[in-house]
1. Here are the criteria: (1) aliphatic (A, V, I, L, M); (2) open to solvent by less than 40 Å² (accessible area, probe 1.4 Å); (3) out of contact with any Phe, Trp or Tyr (no Cβ under 9 Å at 6 or more places or on another chain). Tell me which single one Leu264 does not satisfy.
2. I'm trying to understand the selection: among the residues of segment 1-35, which are small (Gly, Ala, Ser), part of a loop (DSSP other than H, G, I, E, B) and at pLDDT below 95?
3. Contact list please: Cβ distance under 9 Å, first residue in segment 177-191 and assigned by TED's automatic domain parsing to the domain that holds Arg222 and farther than 21 Å from Arg222 by Cα, second residue small (Gly, Ala, Ser) and assigned to a helix (DSSP H, G or I), pairs at least six apart or on different chains.
4. Which one is farthest from Leu151 (Cα to Cα), of the residues in segment 241-261 that are surrounded by 20 or more Cβ atoms within 10 Å (Cβ to Cβ) and not hydroxyl-bearing (Ser, Thr, Tyr)?
5. Checking the condition over 21 Å from Val257 (Cβ atoms), in contact with a strand residue (DSSP E or B) (Cβ under 9 Å, 6 or more places away or on another chain) and at pLDDT below 60, which residue from Gly60, Gly51 passes?
6. Kindly indicate which of Val226, Val218 is within 16 Å of the ligand (Cβ to nearest atom) and surrounded by fewer than 16 Cβ atoms within 10 Å (Cβ to Cβ).
7. Does segment 266-303 hold any residues that are free of Cβ contacts under 8 Å to residues at least 24 places away in the same chain and farther than 23 Å from Val48 by Cβ, and which are they?
8. Of (1) open to solvent by 10 Å² or more (accessible area, probe 1.4 Å); (2) under 15 Å from the mean Cα position of the chain (by Cα), Pro236 satisfies all except one. Which?
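The values are calculated or read from the model by the stated rules, or taken from the named source; none is laboratory data. Quick caveat: nothing in here was measured; it's all calculated off a predicted structure. Note that each Cβ is placed from the backbone with ideal geometry, even for glycine, and that neighbours are counted across all protein chains shown. Remember, those area values only see protein heavy atoms, side chains included, never the ligands or the DNA or RNA. Shrake-Rupley method; radii C 1.70, N 1.55, O 1.52, S 1.80 Å.
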Amino acid sequence: MRISIPNITSNGTYTPVLLPVTQTIQRLVDFLGASTGTAVLTGAGVSVASGIRAYRGDHGRYINPNYKPILYQELVDKGEKGAGFRKRYWLRSYLGYPPVRDAMPNTSHTAIAAGMHGSMFKRLITQNVDGLHVKALRPFWDASNVRNHILELHGTLFRVHCQRGHVFDRDEFQGMLSESNPEWKQFADELERTGQKPRTNPDGDVALDGVAYDEFVVPNCRECLVEGRTNSVLKPDVVFFGESIKGWVKDRSFRDVEDCDRLLVIGTTLATYSAFRLVKHAVELNKPVFVLNMGPTRADGLPGIQKVDGLSGSVLSEVVRTILGSDIIRDPALNTLLSSGVTCPPPDDVHDMPKGPG
Ligand SMILES: [Zn+2]
């Protein structure tokens, strides 16, 4: 069944497809109930209820119009200019990381994890770098099983590498940043102590205005030092704007879509081409696609796509419950997953960040 296509006109007005929750649930049950294995594609919208802010609001506009992410070429530039960008990036990320590290899976993550554990969802491709899908499933699956089923299309915040390929766990690198910047560590501890949360963007960056970044020290890679080199060109394993995703990630994302009989898209505007092309790929292969997102998406108007405006959390839980039925009673993991998940959306305020030490 075709659902009416929402309009995105040039002046930015958008007519959402709003259905009563029970109807949204029924459409999803109809879509997924017939599946032998669905691929799920998620974006920032899925993490909002975990306190991680989306880049774009309900109307497809950037929530913070002044947000200018650092570009790949800027971050890895070996010169003076690059060093400046790295100071800015790593200071903001130093303060932005703890809230992402401490964020908990919400009901969307736990419902998707239950759907994976119950074999409804065969593959999950996420654009999010916050690790929350992994966190939801890890108590029940071992690390390699999780890796085989979840593809982090744009990488993860939880690893850092130097330009020569030495890899660090992000917590370890956070410790290196603390050691090199005791004043900022004090400031970060104070934030944590007083419960002030910096306004964090989905990539773990914080909005920090009027701060001189020059004083911040980006430490040298420890492994490079052992090899007798100084090298402070360090980057999180996150795909930056201006950077291409790795060949194997791209290939696997296509394969994941091919291996499944349909595609469920949740909480993303599909503004990023690496995600949008997966929807196009599914359409070209005549696989049914269902988009559940609040607000316009790049796939709106593509032929054969079902689209409903809505938030995913409680809806998905109910859909997974309906489809898995009595399996839930038999498998304690499913029951645990479907009765967990936090709900703490980020605050709406814009300027909630003190200006740093000094
Ligand atoms: Zn190194």
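1. Every condition holds for Leu264 apart from (3).
2. Ser4, Ser10, Gly12, Ala34
3. That search, which allows pairs on different chains as well, returns Ala188/Ser178.
4. Cys260
5. Gly60
6. Val226
7. Arg277, Lys280, Val283, Glu284, Asn286, Leu302, Pro303
8. The number of the failed condition is (1).
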